[in-house]
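Quick notes on the structure that follows.
The values are calculated or read from the model by the stated rules, or taken from the named source; none is laboratory data. Please read these numbers as outputs of a predicted model, since none were measured by experiment. Here the Cβ positions follow ideal geometry from the backbone for every residue, glycine too, while neighbour counts run over all protein chains shown.
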Amino acid sequence: MLKLNDPALLRSQCYVDGSWIGEGVDAVDNPATGELLAKVPRFGANETTAAVEAASRAFKPWAKKSAKERSTILRKWFELIMANQEDLAQIMTAEQGKPLAEARGEVAYAASFVEFYAEEAKRIYGETIPSPFPNSRIIVQKQPVGVCAAITPWNFPAAMITRKCAPGLAAGCTFVVKPAPDTPLTALALVELAERAGFPKGVINVVTGDAAAIGGVMTSHPTVRFIGFTGSTPVGKLLMQQAASTVKKVGLELGGNAPFIVFDDADVDAAVQGAIAAKFRNMGQTCVCTNRLFVQEGIHDEFVAKFAGEVARMKVGNGVEVGVVQGPLINARAVEKVERHVADAVAGGAKVVTGGKRHALGRSFYEPTVLSGVTTKMLVTREETFGPVAPVYSFKNEDEVVALANDTPFGLAAYFYTRDLGRAFRVAEELEYGMVGINSAMLGTEVAPFGGVKESGLGREGSLHGIDEFVEMKYMLVGGL
Ligand code: ADP
């Protein structure tokens, strides 16, 4: 059983218009043990419409508060999240599976967006433009877009919510959030803390249940003016299509197929450490996780030996146990995908250097795996594996590897290691990706714009640019002066 310092954080009802409502229907399980953690409501279109209406009623008063008032409440929410970091991490590991150290890290990362946008709330500046018309002024003011909806995934149950809500709340928007069915408890705990921080009723609402019905209302209700989504590309495309009928703003953080390139001139040990971090965080279940490793032929064998040695030493188990760095995958479907990708690679001639099968612990545990001799025809190249499998390719030169890296419809994160300054700039600029790590494998920070190009998404989250999604510019021409 989950032991929390504050058991009241374990909420299993939805939060709409300042009330906790709904009966527990859908089970939330611990992927490491199979234990039932809670049952959450199965809301549909009617309940979602009610949540949108609550957010709509709350919008004007929230938008009319001074920026400083909104900032103060956001700041309080940040402080409460950090004060309850351990409980939130315990809830997250229980429902999601990631090791406790990573869960604590995610809570701090999630909180950092709330802190950052509590500060930015006060800096949503407009502009004045020299007018071409006599006796007039041109003023541009930024106003909140209105009611926003957010649909979030299970891999970052806290951060994907705060990364969307914090900038929107700072700007004066109100929210209806639908967390992933695997990980609603972290979302509900966060909103419990939001309630304690003093957000007025209706400003943040959380609904769980029938994804298609909830998403249908979020994308068609005329009052919703922005829909933010993090998840798979097919669902992102569907939501974008649905949102077209009422011309909503959309923010999409979709799939990736991140290349990780190691050039002959790289610091091999640093590249190995970078590859471990970029590949195996959250058991390979992040959209910025390395999906393909390209290693130049001169250092290929040395890199593979060192990398596989590290991977083979990784401790797999329940994320709450000391020393565990790899937990279970989120569910049976996730393991089946990993198995399919590995079987396809092996059938095509790839070699299993380490791992390569389900872990002896059973359930959704999978051995951290390194494959070599991989080719670009295999599923591990073409699709996002979203699991602890590192396929390694050997390449000859820079032009070849840049072409290989760009040969995908996705464009979220890319990484490369080199000590040649000219190459660093050349390759970074050639890579068709929204984010590039150069001798660096951890991109996430609230101060930088996170997002992708091509089919990886639209818009940016984090940084001062993150506010842009949640404001409209109003141009005012003042004449007769
Ligand atoms: P994954 O396959 O990794 O779970 P999804 O894109 O299916 O990725 O899930 C991300 C989020 O999108 C989850 O909250 C999920 O419930 C939601 N979702 C899935 N299908 C739909 C849909 N048709 N409409 C709205 N939301 C959806």
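Summary table below
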| read-out | value |
| --- | --- |
| Extreme residue, farthest from Val28 (Cα to Cα), among residues of region 173-183 that are surrounded by 24 or more Cβ atoms within 10 Å (Cβ to Cβ) and over 15 Å from the mean Cα position of the chain (by Cα) | Cys173 |
| Looking only at region 195-231, and only at residues there that are among the polar types (S, T, N, Q) and touching a residue at least 60 places away in the same chain (Cβ under 8 Å), the one that is nearest to Ile467 (Cα to Cα) | Thr230 |
| Subset of region 3-32 that is within 25 Å of the chain's Cα centre (by Cα) and closer than 27 Å to Val316 by Cα - its residue that is surrounded by the fewest Cβ atoms within 10 Å (Cβ to Cβ) | Ala27 |
| Any hit, region 344-358, residues being of a type outside the set (Val, Ile, Thr), part of a loop (DSSP other than H, G, I, E, B) and at pLDDT below 95 | no |
| Close pairs (7 angstrom Cβ cut-off, 6 or more residues apart or separate chains): closer than 25 Å to Leu169 by Cβ and modelled with pLDDT of 95 or more in region 454-481, of a type in the set (D, E, K, R) and in a strand (DSSP E or B) anywhere | Gly457/Glu253; Glu461/Glu253; Glu469/Lys249; Val471/Lys142; Met473/Lys142 |
| Strands (runs of 3 or more DSSP E) contained entirely in region 406-481, each with at least 3 residues that are surrounded by fewer than 21 Cβ atoms within 10 Å (Cβ to Cβ) | 471-478 |
| So Val311, is it in a helix (DSSP H, G or I) and within 16 Å of the ligand (Cβ to nearest atom) | no |
| Search result, residues across region 252-274 that are among the small types (Gly, Ala, Ser) and buried (at least 22 other Cβ atoms within 10 Å of the Cβ) | Gly255, Gly256, Ala258, Ala266, Ala271, Gly274 |
| Candidates Thr381, Thr286, Thr290, Thr376 - the one that is buried (at least 24 other Cβ atoms within 10 Å of the Cβ), of a type in the set (Ser, Thr, Tyr) and under 30 Å from Phe450 (Cβ atoms) | Thr290 |
| Residues being away from the ligand (no atom under 16 Å from the Cβ) and hydrophobic (A, V, I, L, M, F, W, C) - total across region 125-169 | 9 |
| Residue within region 76-83 that is farther than 30 Å from Ile330 by Cα and under 25 Å from the mean Cα position of the chain (by Cα) present | yes |
| Scan of region 398-421 for residues that are free of Cβ contacts under 8 Å to residues at least 40 places away in the same chain and within 12 Å of Gln296 (Cβ to Cβ), ordered by number | Glu400 |
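Each row is one residue, and each column tells you yes or no for (1) basic (Lys, Arg); (2) under 20 Å from Glu253 (Cβ atoms); (3) outside any strand (DSSP E or B); (4) in contact with a Lys or Arg (Cβ under 8 Å, 6 or more places away or on another chain).
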site	(1), (2), (3), (4)
Phe133	no, no, yes, no
Gln143	no, no, no, yes
Ala149	no, yes, no, yes
Gly168	no, yes, yes, no
